[in-house]
Amino acid sequence: MKFKRHIEIAKGRIDLAPLVDVVFLLIIFFMLTSTFVRQPGITVRLPKAVTSEVLDERNLVISITSGGEIFHNKELITLAELKSRLQDAARQDTPVLIKADQKSSLGRVVEVWDLCRSTGISQVNIATKP
């Protein structure tokens with residue numbers, strides 16, 4: 001099967017080769033730049049666990065970074081602020097989910113866990129990767 005190399009227009013010809021080259025370069029450009037776009041948020045690498053369960057979405061999520069910072073809803077908070085938020089969650093009987101980075105200090109995780117227990121929260125969970 002023979003394809004036409006040129007499309008004829010009223011008084012001239014259009015060569016399709018440069019058009020195909022430009023489209024190909026645009027596709028490559030957008031593919032490469034889309035992979036380098038970083039999503040904003042808190043970077044927490046969860047540890048792996050063999051026996052993990054899926055929880056419902058009504059948890060109070062607390063994130064602990066590898067540096068020991070504590071976040072609630074992407075907002076950096078102190079332990080005093082965390083205690084007041086945990087007291088509100090205890091009144092509403094909301095379970096707590098702790099997302100701790102695998103390189104975070106165990107002491108910091110236990111400190112947050114104890115704070116949850118002292119405020120009266122009965123269900124405290126730790127997030128893991130399956």
Being among the basic types (Lys, Arg) and surrounded by 16 or more Cβ atoms within 10 Å (Cβ to Cβ) is the filter; apply it to region 84-106 and report the residue that is farthest from the chain's Cα centre (by Cα).
-> 85
Taking strands (runs of 3 or more DSSP E) that fall entirely within region 56-130, which contain at least 2 residues that are modelled with pLDDT of 85 or more?
-> 60-64, 70-72, 75-77, 96-100
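The values are calculated or read from the model by the stated rules, or taken from the named source; none is laboratory data. Note that this is a predicted model, so its numbers are computed, not measured. Backbone-built Cβ (ideal geometry, glycine too); neighbour counts: all protein chains shown.
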